[in-house]
Every structure is written in C-alpha cells, then in structure tokens.
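The values are calculated or read from the model by the stated rules, or taken from the named source; none is laboratory data. Predicted, not measured: the structure shown is a model, and the values here were computed from it. As a convention, Cβ positions derive from the backbone with ideal geometry for all residues, glycine included, and neighbour counts pool all protein chains shown.
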Ligand SMILES: Nc1ncnc2c1ncn2[C@@H]1O[C@H](COP(=O)(O)OP(=O)(O)OP(=O)(O)O)[C@@H](O)[C@H]1O
Ligand SMILES: [Mg+2]
C-alpha cells in the first residue's frame, strides 16, 4: 500500500486532560489517488493532516501506525521526520501568509526550501527550478524577485502550491487550500491543483468542510465526525448513496441535492467535546435514528455495498 494509517490516535495534552482529536482512524491511499476529508469544524481534519507530518505541539500523544511507501512515521525521530516533511509529504495550508515568510523574497524562499533537502544545490539551479514551477502555477518567473506581501491572496496560494511542488512530494496534504479566497479564484486554484496533481503523479489528501468541492476532485471521501471517520466511500457513492446519518446531514447542507429522507430542522446540538467524548457513537446526541445501543457502545466499522460505515444502523450485531 502506498499510504496506510492504521488505528491512528492523536491526542492533545491539555490541563483538562487529553483532547481526542483523532481517535482510532484507519485509512489507505493508493498512488495517484485523491482522498477528500470532510466534516464540520473541530472534527479533527487538520489534526489528522498535521499529525501525519508531526508538526503538532511536542506534548501531543500519538499511537497506531502511519506508513508511506512502507516507512513507518509515528516513531521516527525529529531528524528523520524533517527529511519527510516537504520532500515526501508536502502541505498546503489555508492561509499562505502564515507559511510564506513575508520578509523573504520569493526567490530566496524557494532557495532555502530546496537547500534544506538538497544541500548541494546552487543558486542558479534553484532559480531554474523556481522559474519552472512558478510558470506551472501561472506566475511570471520574474516575480520571484518580489516579496509574498506584494501578491494577491490567489497569487499567494499559487506560490504556496509552487513551493510544495518544487520538492516533488509523493503525497500532498491540502488543508482548506482555498477557503480564504473568493469563489472564482477558488475554482481556478482547485482546477490548477487537480491538474498539477496528475502531472506530478502525486497522491493528495484534500481537507475541506465543503462536500461540493471534493465530490468532483476526490476518488474517495472520508467523512469525519468527532475524531472518527464515520463513512468512507467512493465519491459518487457518498454523494448519491450516503449511508451514515451524519453524511446525509452534510449533503443536505449543500444546495441542490436531493437528500430528503432526513429533515435538517430536527437535527440540533453541536459536535461532542473531544476531551470527554460520548462512550457510544459520537453522533448519538444529534442522530434522528439513534437506538439504545448507540449510547452504550461504540459502533464498529461495517462494509455496506462498497462503503465503510461506522454506525449501528448497519450492523448485524444484536443489542
Ligand atoms: N493545540 C491544541 N490543543 C488542544 N486542543 C486542540 C488543539 N488544536 C486543536 N484542538 C482541538 O482538537 C479538535 C480538532 O481540531 P481540528 O483543528 O483538527 O479540527 P478541524 O476539523 O480541522 O476544524 P476546522 O474545520 O475548523 O479547521 C478540536 O476540538 C480542537 O478544539
Ligand atoms: Mg482545520
């Protein structure tokens, strides 16, 4: 398997105890595949993405396994992890301003990035590679003489994508890559990202709370709720044949879909407190279909058609 997370747990250590932001998640990704990760705010999407790169606070607790091309990441030393970051696994953040150093010219930024992984690289070679990749994202190579604050939001995100691509990663994690941009620029950036993903033969984890955006781009979609993956399915199956009540709720929130068997009006409440999550299903308080067992026992993941669903409605096990 190209990428494999197995029983992955990522807990934040806080004064109140552990926040179980990612709790026993398993996910496989094939080479060249795009996986969408969706779910409402606070369900653990960014924790998962950043946890794969181990860029979370040093007190964070990890358990389980994450393998990329059979290399285990969870127990890697910081030194070895630094060789993976950017080089093997790239990351595109929501707000490029925080990751693009504003006091460094673009050219220098690319040179420094390249040098981290290829210490021998000359300035000339770095400049060539920078020009090539800037061109790919639709930015005039001459603009590498400028600072990131001289670019518009959309342009900055293009620079960020170029900075990720210049190292040729095999997997890229894009965390809400277009959320801060207007809808037209959003669509352009998504299209660009999709084309470049194919051209560079990368796999991608695309994180967003917008199911509409991923439906077109992703091969499969994982729906997260309260630190769990509650449904994993091929994009068209998820979209047309959603199984988990929470997936249906999410789909209902997109205009122009025809999921009418749940009435949004009756779904109330908010996501669970992850420092003290419910012992049974984490969606139980908001689920219109809840049964007794849902409160008492965590649902197993079951295969329904070709989808995987973590819900007692689909389990054969008697209460
Ligand atoms: N540094 C931290 N320390 C403690 N708890 C944290 C920390 N960062 C995130 N959390 C908590 O972990 C949970 C998951 O957060 P995360 O940022 O992964 O959610 P998300 O799905 O990316 O949300 P959003 O859509 O808003 O970006 C939340 O309950 C959040 O409050
Ligand atoms: Mg997030």
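For segment 81-89, does any single residue satisfy the condition of being in contact (Cβ under 8 Å) with a residue 12 or more places away in the chain, in contact with a strand residue (DSSP E or B) (Cβ under 7 Å, 6 or more places away or on another chain) and assigned to a loop (DSSP other than H, G, I, E, B)?
Yes, that holds for at least one residue.
Would you mention how many residues in segment 19-52 are surrounded by 18 or more Cβ atoms within 10 Å (Cβ to Cβ) and part of a strand (DSSP E or B)?
13
Testing residue 125 on (1) within 25 Å of residue 188 (Cα to Cα); (2) free of Cβ contacts under 8 Å to residues at least 24 places away in the same chain; (3) part of a helix (DSSP H, G or I), one condition comes back false. Which one is that?
Here residue 125 meets the rest and fails (1).
Select from segment 277-297 the residues that are surrounded by fewer than 21 Cβ atoms within 10 Å (Cβ to Cβ) and touching a strand residue (DSSP E or B) at 6+ places or on another chain (Cβ under 8 Å) and list them in ascending order.
Within segment 277-297, 277 is the sole residue that qualifies.
Regarding residue 98, is this residue in a helix (DSSP H, G or I), within 16 Å of ligand 2 (Cβ to nearest atom) and modelled with pLDDT under 95? I'd like the intermediate steps shown before the answer.
Numbers: in a helix (DSSP H, G or I): yes; within 16 Å of ligand 2 (Cβ to nearest atom): yes; modelled with pLDDT under 95: yes.
Yes; evaluated as a whole, the condition is true for this residue.
Pick from 76, 27, 53: which is within 22 Å of residue 206 (Cα to Cα), more than 11 Å from ligand 1 (Cβ to nearest atom) and touching a helix residue (DSSP H, G or I) at 6+ places or on another chain (Cβ under 8 Å)?
Working: 76 fails: within 22 Å of residue 206 (Cα to Cα); 27 fails: touching a helix residue (DSSP H, G or I) at 6+ places or on another chain (Cβ under 8 Å).
Sole residue among the options that is within 22 Å of residue 206 (Cα to Cα), more than 11 Å from ligand 1 (Cβ to nearest atom) and touching a helix residue (DSSP H, G or I) at 6+ places or on another chain (Cβ under 8 Å): 53.
Consider residue 63 carefully, then state whether it is crowded, with 17+ Cβ neighbours inside 10 Å and assigned to a strand (DSSP E or B). Can you show your working first?
Values: crowded, with 17+ Cβ neighbours inside 10 Å: no; assigned to a strand (DSSP E or B): yes.
Answer is no for this residue.
From the list 39, 49, 44, which residue is under 16 Å from residue 174 (Cα atoms), within 14 Å of ligand 2 (Cβ to nearest atom) and modelled with pLDDT under 95?
Step by step, each of 39, 49, 44 is checked, and only 39 is under 16 Å from residue 174 (Cα atoms), within 14 Å of ligand 2 (Cβ to nearest atom) and modelled with pLDDT under 95.
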